[in-house]
Each structure stands twice: as C-alpha cells, then as structure tokens.
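Novice: Below you will find the structure I want to go over with you.
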Amino acid sequence: MNPIRILLAGLGVLLTASLRAEIYELPPEGYDVVGAVATVLAREEDTLIDIARRNGLGYHDIVRANPDVNIWVPGEGAEVVLPTRFVLPPGPRRGIVLNLAEYRLYYYPEPAVGEPAYVMTYPISIGRMDWETPLGSTRVVSKVKDPSWYPPQSVRDEHAADGRPLPRVVPPGPDNPLGRYAMRLGLPGYLIHSTNRPAGVGMRVTHGCIRMFPEDIEYLFQSVGMNTPVRIINAPVKIGWFGDELVMEVHPVLEDAMAEGNEELVAADIDVDTGGGATDETEIPAQPRDPRTYVTEQFIAVTGDRAGRLDWDEVEVLIDRSDGIPAAAGMRIKNAATSAASQ
C-alpha cells in the first residue's frame, strides 16, 4: 500500500504550507504492512541525515538501509534507499505506540465517522543505555508549549562532571533541549518533546525522554488529546500479514534493554515540571535476548487465527541484515488448522 503524503492543512491543521506528514491509510483485514520502499538521488549538498529528515526517517533508519553510502558525503547522484515500508507494531492500534528498538512512533488518531482510519509514523530518539526509556502503558497527562526545563539533579551532576554545569531552570529558547513543544507522560519525568538538536533524532541519545523533529512534534502536539493512551514497547522483530505472505521486519536488539514485555506501568499524574528526562531512580536493565526468541513470539502471535509457515533460511538472512526493511519470510498455510514455528 502506497503512503499518502498530504498537507497537514488538509487535515484541518493550520500549519505552514511546506510542512507535511507521512500518513498511511490503515490496511484492510489480512494486511499489517503499510508504505513502500523507495529510492532518491542525492544532491551535491546532501548528507544522509538531510535526506532522512526530508523523508520522515531518522539516523539509524537511513544509515542501516544504505550501508555502502557515505553518511556525510553521499555524492551528487548517489542512489539512496528510503526504508519507508513498515510492519505495524503488535498490539492494539490506538493512541500512540512507541517502539524503542525501531526508534519510531506510531500514532492512530480516532477516525471521523464515515472516514477511513489512518496511522502516522515518525522517527524518534530514545534513552541511551544508562538512561533507559521504560516500557509499559501510560497516557498523555499534560501538554506545554514553550516549556521550561527543570533538569533532575542526576542530570545536573552529570553535566557538572563534564564541565558543563546546568542551571536549576532552563527557560524557553534555543538553548532549551525540550524545544517548543512537550507532552508529559504519566511516568514521572518522561516526555515526548521537540529538540534543539534535530541531527540526533533516530538515535539513542536522550536521558530517557522521546525526542522528535520539531516539525513532527508541532503537528502531533496539536493533534493528540489529553489522556491519549501511550504504549511503549521493545519489538526489534515485527511480523505481519500482507495477503498470504508473512512479512518480517528486523532491527538490531537494543543492548542492555530493560526487561522485555509490555507490563502495565503505574501512570502517576504530574502536577509540576519535574524534568526533561529520567528520574533519579532507574530500573536495573536485563540482558538482551536472542532475536530468534522475538521471531518465535511474534510468529505465534500473528498466526493465532491464520496458520502460517516461516522460511527459516530467509529468517536468518533478515536477522543477519537487521536493516529494518520488511521482506517476505513465510506464507499462509491454507486449509490448515494449526501451524508451528518449526514447520
């Protein structure tokens, strides 16, 4: 299914004419894949980062899809692959879904009566290994335009140790790492926010918060309502149906990822701005699992109602690539009552 690129003004959002959002109509039953892989030719002045941002992609998206292209000087006329085909993340298609292993946000707005349903997807930055973004279910509890940043003491200590002391309050402006828009989650200290360092979008560089390109968060901020559910998952492997094909998308397993699963987290309301990142207390990370474990789990989940068979030779190829580009990895078994991952 091809992406529908439409002006945000077409959605009734009054933004600049140049700002566009990557929007996909949700596929019909039996299809879990949206978008299409495309290619563009680099201009002389382009970096891969420039090309990524123009096409709704982040750093790792573009780099892993183009391993033989120079990041900083692709060169005039260089062919650049755009990995803009996505297997939708597992679980309910409602609210916001953050897939940390994919460095990507999915937003499912409530469809208008009689109108088709859509999904919007954006690249994100996530918490680095020593400041992990937590997994679980929460919600949007507040939204602030031009927020002040109140860095937690742990962040101030880190900056001081590096010779870059922070004040207790960073006011709105170009030096504020929260940018112009912030949506606070019901997890103390965690936000979805803009950034004054957009080159880092699509990387593991934050103190636990979710960063977005300024133009992406500007639209999302206006579209997302209070109490919108937010589900944070770690799914380096996604498997979905595309007709009779089983399509698999593989990303590298996050090192030192927190305990897997989508355990419900307590959503604590926040009355004051407590910071732009993790709280001072962090969970002890667990060791990452073998990607084949994720493959088996996702296969079982997606074949609960439709029998299928994986081609394990192709599975191994996709795991070895781990470039985030979906490809066929199995087929439906017609007229079969059951199936197993080992078949």
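The values are calculated or read from the model by the stated rules, or taken from the named source; none is laboratory data. Note that the structure is a prediction, hence the values are computed from the model and not measured. FYI the Cβ positions are ideal-geometry reconstructions off the backbone, even for glycines, and counts take in every protein chain you see.
Novice: Pairs under 7 Å by beta carbon, first residue without any contact (Cβ under 8 Å) to a residue 40 or more places away in the chain in segment 77-100, partner basic (Lys, Arg) and surrounded by fewer than 19 Cβ atoms within 10 Å (Cβ to Cβ), six or more apart or different chains?
Specialist: Partner pairs satisfying both residue conditions: none exist.
Novice: Within segment 126-173, which residues are under 30 Å from Ser223 (Cβ atoms), out of contact with any Ser or Thr (no Cβ under 7 Å at 6 or more places or on another chain), modelled with pLDDT under 90 and exposed (fewer than 15 other Cβ atoms within 10 Å of the Cβ)?
Specialist: Matches in segment 126-173: Gly173 only.
Novice: How many of the residues in segment 203-217 are farther than 16 Å from Met120 by Cα and in contact with a Gly (Cβ under 6 Å, 6 or more places away or on another chain)?
Specialist: 4
Novice: Kindly indicate the residue of segment 170-215 that is part of a strand (DSSP E or B), of a type in the set (A, V, I, L, M) and in contact with a Pro (Cβ under 9 Å, 6 or more places away or on another chain) and also farthest from Glu22 (Cα to Cα) among those meeting that condition.
Specialist: Val170
Novice: Against the conditions (1) surrounded by fewer than 21 Cβ atoms within 10 Å (Cβ to Cβ); (2) modelled with pLDDT of 95 or more, where does Pro285 fall short? Just the number, please.
Specialist: (2)
Novice: Here is a follow-up. Being assigned to a loop (DSSP other than H, G, I, E, B) and touching an Asp or Glu at 6+ places or on another chain (Cβ under 9 Å) is the filter here; which residues of segment 132-150 pass it?
Specialist: Within segment 132-150, Glu132, Pro134, Leu135, Pro147, Ser148, Tyr150 meet the criteria.
Novice: Of all residues in segment 40-63, which are of a type in the set (Val, Ile, Thr), buried (at least 20 other Cβ atoms within 10 Å of the Cβ) and outside any helix (DSSP H, G or I)?
Specialist: If the condition is that a residue be of a type in the set (Val, Ile, Thr), buried (at least 20 other Cβ atoms within 10 Å of the Cβ) and outside any helix (DSSP H, G or I), then no residue fits.
Novice: Go over the candidates Ala101, Ala112 one by one and state the one that is at pLDDT 95 or above and small (Gly, Ala, Ser).
Specialist: Answer to the check: Ala101.
Novice: Please work out which residue is farthest from Asp320 (Cα to Cα), limiting yourself to segment 248-280 and to residues that are surrounded by fewer than 22 Cβ atoms within 10 Å (Cβ to Cβ) and at pLDDT 95 or above.
Specialist: My answer is Val253.
Novice: Let me ask something else. Please list, ordered by first then second residue, the pairs with beta carbon atoms under 7 Å, 6 or more apart or interchain, first in segment 137-157 and within 23 Å of Ile232 (Cα to Cα), second part of a helix (DSSP H, G or I).
Specialist: Close Cβ pairs (under 7 Å, with a partner that is part of a helix (DSSP H, G or I)) amount to Lys143/Phe221.
Novice: Could I ask something else about it? Which one is farthest from the chain's Cα centre (by Cα) among residues in segment 202-214 that are over 21 Å from Val253 (Cβ atoms) and surrounded by 19 or more Cβ atoms within 10 Å (Cβ to Cβ)?
Specialist: Among them, the one singled out is His207.
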